[in-house]
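J.: Take this structure first; my questions come after.
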Amino acid sequence: MKEIGEQHLTESGLMVLDITAADDETARRVVAELSQRWATSGPPVLRRTPGLPGVSARVYADIRRIGTEAP
């Protein structure tokens, strides 16, 4: 994954989450749950790293704003 850029953390309330899950479905479900609570970057690109278990994803979130997806 790309390095976290300064623009992603310019002020309080912004965060970058790196998620690792056993499978695609679990990773997508976690992101959907986060999106209900906070404004996020939306559905992530899921990545597999050869030799490592599971999938990983990066999500950008703003905890100052309410999520946009319906529960």
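The values are calculated or read from the model by the stated rules, or taken from the named source; none is laboratory data. Bear in mind that the values here come from a model prediction, so they are computed numbers and not experimental data. Note that each Cβ is placed from the backbone with ideal geometry, even for glycine, and that neighbours are counted across all protein chains shown. With ligands, DNA and RNA removed, areas are computed over all heavy atoms of the protein, side chains included. Shrake-Rupley method; radii C 1.70, N 1.55, O 1.52, S 1.80 Å.
J.: Can you name the residue in the stretch 54-71 that is open to solvent by less than 40 Å² (accessible area, probe 1.4 Å) and assigned to a strand (DSSP E or B) and is also modelled with the lowest pLDDT among such residues?
T.: Asp62
J.: Sort out which residues of the stretch 43-53 are modelled with pLDDT under 95 and surrounded by 15 or more Cβ atoms within 10 Å (Cβ to Cβ), and write them in order of number.
T.: Residue satisfying the conditions is Pro44 alone.
J.: A further question on this structure: Just need a number here: residues in the stretch 26-62 that are of a type in the set (Ser, Thr, Tyr) and more than 21 Å from Leu14 (Cα to Cα).
T.: Here the count works out to 2.
J.: Here is a further query. Among the residues of the stretch 9-42, what is the count of those that are surrounded by 14 or more Cβ atoms within 10 Å (Cβ to Cβ) and either among the small types (Gly, Ala, Ser) or assigned to a loop (DSSP other than H, G, I, E, B) (or both)?
T.: Residues meeting the conditions: 6.
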